[in-house]
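As structure tokens, the structure follows; a few thoughts come after it.
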Amino acid sequence: MNPTLPARPAKLARLAPTVLLAAALVPALAWSKASDRNQEMTIDSTGSSCNLVGDNGKCRFTGNVVIVQGTLEIHADTADVIQKNGETERVVLTGRQATLKQQMDDGTWMNARADNLDYNVSSEVIVLTGNYKVDSERGSNAGQRMVYNTRTGDMQSGGDGTRVRTVIQPKNKAPAAAGEKK
């Protein structure tokens, strides 16, 4: 009998809460309401599979994945959480379409959807690909590929020969004056 076998399930049991926490928290960092980070998180799916070797590995949540933390709500067909050196390195959400909605600190709502949302934790960059659209009260942006740096606020869309549509709402929407055409 190998004396290390009982230790492996114990190690997996210790890592499981970390992986679950990271799976829900990391996408929240992209467009987060500050108080959401301190809320309980739940991940519901029809299945999950983890392969953790040492401090590296991957967990995949499949089938109607729903991640909720405070006002953050994510829906995806699959959610992959990749760990390297004991830290979450990437979170990849896929679906037709993966969706993310969250209330912002100012009380407004942000909605995003794409076939693929890929968040690189160390660089704090999220890449939305495949018919993405991001909507907020400030406006919207839609296309085939967007790269958004959550640390700097830099965003690039298009550049791949496809069209990008950006709509910018006026800061103060005033109602049309009486007799004024809309």
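The values are calculated or read from the model by the stated rules, or taken from the named source; none is laboratory data. From a predicted model like this one, the values you see are computed outputs, not experimental measurements. We place every Cβ from the backbone using ideal geometry, glycine too, and count neighbours over all the protein chains shown. Accessible surface areas use protein heavy atoms only, side chains included; no ligands, DNA or RNA. Shrake-Rupley method; radii C 1.70, N 1.55, O 1.52, S 1.80 Å.
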**OP:** Show the residue pairs that are 6+ apart or on different chains and have beta-carbon atoms under 7 Å apart, the first residue being within the range 108-121 and in a loop (DSSP other than H, G, I, E, B), the second being at pLDDT below 85 and β-branched (Val, Ile, Thr).
**Re:** Val121/Val26; Val121/Thr88
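Tell me the residue from Val147, Val125 that is of a type outside the set (S, T, N, Q) and at pLDDT 90 or above, please.
Val147
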Original post:
Does the range 114-131 contain any residue that is under 19 Å from Met41 (Cα atoms), of a type in the set (S, T, N, Q) and either open to solvent by 50 Å² or more (accessible area, probe 1.4 Å) or in contact with a Ser or Thr (Cβ under 8 Å, 6 or more places away or on another chain) (or both)?
Top reply: no
Subject >> Check on Thr162, closer than 30 Å to Val53 by Cα, open to solvent by less than 80 Å² (accessible area, probe 1.4 Å), β-branched (Val, Ile, Thr) and without any contact (Cβ under 8 Å) to a residue 24 or more places away in the chain >> reply: no
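Taking the range 162-182 on its own, how many of its residues are part of a loop (DSSP other than H, G, I, E, B) and either of a type in the set (D, E, K, R) or at pLDDT below 85 (or both)? Break it down stepwise before answering.
Just the residues of the range 162-182 that are part of a loop (DSSP other than H, G, I, E, B), to begin with: 162-164, 169-182.
With the extra rule that they be either of a type in the set (D, E, K, R) or at pLDDT below 85 (or both), the set shrinks to 163, 171-182.
Of the residues in the range 162-182, 13 are part of a loop (DSSP other than H, G, I, E, B) and either of a type in the set (D, E, K, R) or at pLDDT below 85 (or both).
When you scan the range 38-100 for strands (runs of 3 or more DSSP E) that lie fully inside it, which ones turn up with 3 or more residues that are basic (Lys, Arg), under 24 Å from Tyr132 (Cα atoms) and open to solvent by 30 Å² or more (accessible area, probe 1.4 Å)?
On the way: elements: 41-44, 47-53, 56-69, 72-84.
Answer list for the range 38-100: none.
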